[in-house]
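The values are calculated or read from the model by the stated rules, or taken from the named source; none is laboratory data. Because the structure is a prediction, the values reported are computed rather than measured. Ideal geometry is used to build each Cβ from the backbone, glycine not excepted, and the neighbour counts take in all protein chains shown.
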Amino acid sequence: MAYPFRVERRSPIRTQAAGLAPQSPAQQQLTDYIIRLIKLIPTEIVGLYLTVRGFWKGSGTSGESLDRTFLTSWPLVCMVLVILSRAWGTRRADGAWETLQWVPIGIATVSFVIWIYAVGDTVLGFEVTPPAVSTAIVLWMFIVPYVYTGDR
């Protein structure tokens, strides 16, 4: 089984063995960059976070302290889910847990935290200004996949 979040450098030999059409070097670099960008942003957990948060905030419950407790702990719960899902999804095809890719797990976790701040929420009560969040999104989301090219 191929694990969906594993980030690897693709060689032309591996691309040909997979039956993919040959690409020019520039096309291959762009394709590899887009694949890394998609794999390093934990969209499945961001979607879960936003959905549950939307239901919880929109529920109109009268227990304000319960709301505050939940909305404070929900980002932490989702951070754990990011780590677990990425740990499962970055193993090699043989499924060995020793083959986890810790760098992509860390990148995905930081990406998730940036998205929490981007929607106006906080983590452990720490607040970040909107310009800092905007800058972090640009720098982290688009430069990190360019710099981190995966395992061989």
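Conditions tested, residue by residue: (1) of a type in the set (Phe, Trp, Tyr); (2) part of a helix (DSSP H, G or I).
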{"residue": "81", "(1), (2)": "no, yes"}
{"residue": "87", "(1), (2)": "no, yes"}
{"residue": "106", "(1), (2)": "no, yes"}
{"residue": "111", "(1), (2)": "no, yes"}
{"residue": "116", "(1), (2)": "no, yes"}
{"residue": "121", "(1), (2)": "no, no"}
{"residue": "134", "(1), (2)": "no, yes"}
{"residue": "140", "(1), (2)": "yes, yes"}
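Scoring residue 87 on the criteria (1) at pLDDT below 90; (2) among the small types (Gly, Ala, Ser); (3) within 30 Å of residue 125 (Cα to Cα) leaves a single failure, condition (1).
Of all residues in the stretch 115-136, those being under 20 Å from residue 105 (Cβ atoms), among the β-branched types (Val, Ile, Thr) and modelled with pLDDT of 90 or more number 1.
Residues checked against (1) within 15 Å of the chain's Cα centre (by Cα); (2) more than 20 Å from residue 3 (Cα to Cα); (3) crowded, with 17+ Cβ neighbours inside 10 Å:
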position: 39; (1), (2), (3): yes, no, yes
position: 50; (1), (2), (3): yes, yes, no
position: 76; (1), (2), (3): yes, yes, no
position: 81; (1), (2), (3): yes, no, no
position: 108; (1), (2), (3): yes, no, yes
position: 113; (1), (2), (3): yes, yes, yes
position: 127; (1), (2), (3): no, yes, no
position: 140; (1), (2), (3): yes, yes, yes
